[in-house]
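Written out below as structure tokens is the structure these notes cover.
The values are calculated or read from the model by the stated rules, or taken from the named source; none is laboratory data. Not measured: the values here are computed from a predicted model. As a convention, Cβ positions derive from the backbone with ideal geometry for all residues, glycine included, and neighbour counts pool all protein chains shown.
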Amino acid sequence: MRPTILILLSMTIGLLRFGSEGIAQTVKVGAVVPLTGRYAALGAQVRAGYEIGVEQTNAAGGVTVGGKKMPIELTILDDESDPTKTVARLETLATQGVVAYLGGAGSDLHAAAASIGDKNRIPYLGIAFALNSIHKQGLRYLFSPFPKSPDLAKETFVLLDGSIPTAQRPTKVALFLERTDWGKEMGSAWESYAKQNGYQIVASG
């Protein structure tokens with residue numbers, strides 16, 4: 001997680017805020033993470049990753065800003081796995097002067113949050129974020145190192161073909177999908193790659 005945070009912060013050095021006492025003494029970063037609700041288990045992993053990354057980065061002296069080492073100051077807020085609260089919490093962090101947003105988990109939460117970075121001109125880093133359609137909307141402040149739906153669908157069949165001998169390989173598959181935009185996107189991608197790889201979709205839902 002640490003290298004990803006460092007890459008993101010290198011993009012935001014020019015966005016550091018100035019207060020009444022002059023240049024900031026820390027690099028303020030905000031994360032909105034689902035710590036409760038349906039994504040809580042995944043959110044707990046995301047939170048741990050961020051905290052470990054910040055701890056290790058600060059132990060090494062922080063990040064370099066204008067030739068000076070500065071520690072990262074991380075604020076984490078819980079959106080309760082509710083996209084409306086995701087947006088509200090991001091707005092709260094903006095008022096606190098963060099220079100970067102670190103996203104939570106769950107493509108529907110990321111989808112709600114993605115445009116807030118552009119609105120507030122604060123880079124948004126979306127991890128655990130596979131929804132591909134959002135990345136086709138021309139958002140300039142959205143960054144995501146996570147594999148997208150087409151990649152996941154393609155690798156599903158690479159895994160099947162590579163791990164099961166041809167003679168034992170099933171030719172029919174069923175899809176169990178989330179009732180979200182990401183679920184629909186994955187369903188479409190899986191159907192496409194299934195056909196290309198000689199599989200028949202016998203059920204989808």
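Need the failing condition index for LEU142 against (1) under 13 Å from the mean Cα position of the chain (by Cα); (2) over 17 Å from SER107 (Cβ atoms), just the number.
(2)
What are the residues in region 74-93 that are closer than 17 Å to GLN45 by Cα and in a loop (DSSP other than H, G, I, E, B), if any? Before you say what the answer is, go through the steps one by one.
Within region 74-93, the first condition is being closer than 17 Å to GLN45 by Cα, and the residues that meet it are 74-81.
If the condition is that a residue be closer than 17 Å to GLN45 by Cα and in a loop (DSSP other than H, G, I, E, B), then ASP79, GLU80, SER81 are the ones that fit.
When you scan region 126-136, do you find a residue that is more than 16 Å from the chain's Cα centre (by Cα) and free of Cβ contacts under 8 Å to residues at least 12 places away in the same chain, even just one?
No: region 126-136 contains no residue that is more than 16 Å from the chain's Cα centre (by Cα) and free of Cβ contacts under 8 Å to residues at least 12 places away in the same chain.
Within region 1-73, considering only strands (runs of 3 or more DSSP E) that don't extend past its boundaries, which have at least 3 residues that are in contact with a Gly (Cβ under 8 Å, 6 or more places away or on another chain) and modelled with pLDDT of 95 or more?
Here the list reads 27-33.
Looking only at region 137-154, filter to residues that are without any contact (Cβ under 8 Å) to a residue 60 or more places away in the chain and touching a strand residue (DSSP E or B) at 6+ places or on another chain (Cβ under 6 Å); which one of those is surrounded by the most Cβ atoms within 10 Å (Cβ to Cβ)? Steps first, please.
Here is the first cut: in region 137-154, the residues without any contact (Cβ under 8 Å) to a residue 60 or more places away in the chain are 137-142, 144, 146-154.
Filter once more, so that each one left must be touching a strand residue (DSSP E or B) at 6+ places or on another chain (Cβ under 6 Å): 141-142.
On the way: TYR141: 20, LEU142: 23.
Per the criteria, the residue is LEU142.
Among (1) touching an Asp or Glu at 6+ places or on another chain (Cβ under 8 Å); (2) among the charged types (D, E, K, R); (3) exposed (fewer than 11 other Cβ atoms within 10 Å of the Cβ), which single condition is ARG169 missing?
ARG169 satisfies every listed condition except (3).
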